[in-house]
1. In segment 50-97, what residues are among the aliphatic types (A, V, I, L, M), farther than 13 Å from ARG169 by Cα and either in a loop (DSSP other than H, G, I, E, B) or open to solvent by 10 Å² or more (accessible area, probe 1.4 Å) (or both)?
2. For the structure I just gave you, tell me whether THR443 is closer than 28 Å to VAL507 by Cβ, open to solvent by 70 Å² or more (accessible area, probe 1.4 Å) and part of a strand (DSSP E or B).
3. Check SER488, SER464, SER429 and return the single one that is more than 22 Å from GLY527 (Cα to Cα) and at pLDDT below 95.
4. Just the residues that are farther than 17 Å from SER630 by Cα, open to solvent by 10 Å² or more (accessible area, probe 1.4 Å) and of a type outside the set (Ser, Thr, Tyr), please, taken from segment 343-366.
5. For segment 308-338: of the residues being of a type in the set (Gly, Ala, Ser) and not in a strand (DSSP E or B), which is nearest to SER399 (Cα to Cα)?
6. Can you tell me which residue within segment 5-17, out of those that are at pLDDT below 85 and open to solvent by less than 40 Å² (accessible area, probe 1.4 Å), is farthest from GLU60 (Cα to Cα)?
7. Identify the residue in segment 142-175 that is hydroxyl-bearing (Ser, Thr, Tyr) and under 32 Å from the mean Cα position of the chain (by Cα) and, among all such residues, is farthest from VAL12 (Cα to Cα).
8. Any idea how many residues of segment 388-401 are in a strand (DSSP E or B) and open to solvent by 20 Å² or more (accessible area, probe 1.4 Å)?
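The values are calculated or read from the model by the stated rules, or taken from the named source; none is laboratory data. Here the structure is a predicted model, which means the values were calculated and not measured. Positions of Cβ are backbone-derived with ideal geometry, glycine not excepted, and every protein chain shown enters the neighbour counts. Protein only, heavy atoms only, side chains kept; ligands, DNA and RNA dropped before computing areas. Shrake-Rupley method; radii C 1.70, N 1.55, O 1.52, S 1.80 Å.
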Amino acid sequence: TDLRPLDILSEVVPAGRLAHGMRVFQVQGVHGFQLTTSRPRALGFPASRLFIHCDCFPEEFSIIVTLRVLSIPAKRNEYVFTLMAEENPSVLVGLRYAPNKLHFIFWSQERAGGWQTHVTFPNVSLSDNQWHTLILAVSGQSFSLTVDCSVPKDVVAETPFPASLSVKRASFYLGNRRRRKGMFTGLLRQLVLLPGADATPRICTAMNFKVATLSVPTVLQDLPAKPTSNEVLKYPYETDTKVTLGSRPPCTKQEKAQFWFNASQRGLYLCNGSAWISMLEVKQKLDYVEEYQNLVTNSETMGVEVFTIPEVGLFTATANRYTPPGSAIYKWTDGKFVPYQNIPTYQAQSWKYFTIGKKIFLAVANFEQNDRGQEFSVIYKWSHRKEKFITYQRITTHSARDWEAFVIEGEAFLAVVNHRKGNNHNIDSVIYRWNPRTGLFETNQTIPTSGAYDWEFFTIGPYSFLAVANTFNGTSTKIYSHIYIWLSGSFQLFQSILTFGAADWEVFRIGDRVFLAVANSHSYDSGMPAPSNFYAINSSIYELNITAQMFVKFQDLLTYSALDWEFFSVGDDSFLVVANSFDGFTFSVNSIIYRWQGYEGFVAAHHLPTVGCRDWEAFHTAEGSYLLYSSAKEPLSKVLKLKTT
């Protein structure tokens, strides 16, 4: 049975938003994408977005490609696309072009260890600076290539295409095999997978076979092009559009397909009938930070969580100290956060937003007991009918500080940080696993922690890690925090790092480098002489050393009872902002934005006045980029806007 076409190219540009390193070019009246990224992974997406109901690649299918190939050196190969498992460098399925040859690659696991098969079509000349449409039909041992609807080239291979090729935890990569070597240098207009059918009869009906279309991304469809069947109209670059200069003009159906050139930012935008879409990547620079909104909260705020509910909007949840009135959820409306929903909480410490399939959840970490002397934290579920969060599951916790949600091998987990039980800080924190049969979280593993504040989950290649910030063991804040690695179905100790009242871990990446920053809040040891200042201490940034297989210290930064780190980017620049909360004398302390300066590490760039700063969140809207900070000492949080040049 013929199934619907799966548009691989459109998945890389959802809603017309170009991925990093993609540009639109018009050649000979036809528009295509040029791939120029230095980060090939940016041009990828999980295979599960295409294979929703089944995690196997179809046994019979066609691949339809419309491209324009540049002349490449004799020994060079370029990848049109690949499908690769996250934990394996081998290509599961791929299409590769070499001068006068086209290679179809697939992985077979029928024998021990598996091996890669190359089906080669010789005498395929595409590098003539013209557009071409290729149709590759696959069925068992039969492989057929049709170029521009001409006579098919048929190959019968010794190895058949596998009947059940798993795509679980695999991703598609456009124009690369997850590295810069072999990047596709031409233009791509169409890349479609059609399961269960030979697409040739559906494609070869147009006047111009070289640009025959089954499915093309909307951002390419909407651009006006002259009829390519008129062979007289052949220009290297041509356009029929109006270009507007000056400040941002309106973008309505009347302006559709018109360009706007932003001279101040050197950006070129295309109107799609409702919004301006960037055609040329604008490299923004952070200039300064300005106060944008004073967000009045129910009481002092221990944490904030910014999240987006698809087709509903942008929200933030504040974890507030007192009940009543409890904590609140705010919705971004007309460029501001406005009150949306109040939720009863008990000295709430933090919120965590997560999804499981189509279900949307928000979990709160309650620090104190409720009015009945019961101590539990609560998971709320979004009701599409009521358009608000409703109670879903209560979980017994002990002075909970934080929730962390994550997925490993397709299974959903939720980890809670238990801070103390009575006066005992050395207790177990718990990892819960989602049971899809009962629709509830159930205990999966307990991990001993000491006055813990924070969990941080991250992945490196195929490996999953969970870091805990241990704060206080009953006598000292100078204790080890731990990083755990997922092995054989549970978390096992990977590395221990000495910390000083650790309140937060923040993992981030800059290029291919992986960093882990700890926020140290204070230095106290009942058996040692008191320092001159408990709170003015170094917080540290660690970098993963692949050779040593451990995190090693990269940089120390002087902080003042640091409680949170937040990493964010503006253009090509990377930043860290720290929540400084108390300097030993006052809660009115500057929190600092540090800019990544390469060899110099992180250098202080902006000093932001804050009061008892507890948490930072970075977020973006169509109007710009923002930072939100919560105050644990006054019922007022602030939204700051990042002004760029």
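1. Hits for segment 50-97 are VAL69, LEU70, ILE72, ALA74.
2. yes
3. SER488
4. The answer is PRO344, PHE354, ILE356, GLY357, LYS358, LYS359, ILE360.
5. Among residues in segment 308-338 that are of a type in the set (Gly, Ala, Ser) and not in a strand (DSSP E or B), the one nearest to SER399 (Cα to Cα) is GLY326.
6. GLY16
7. SER164
8. Count: 8.
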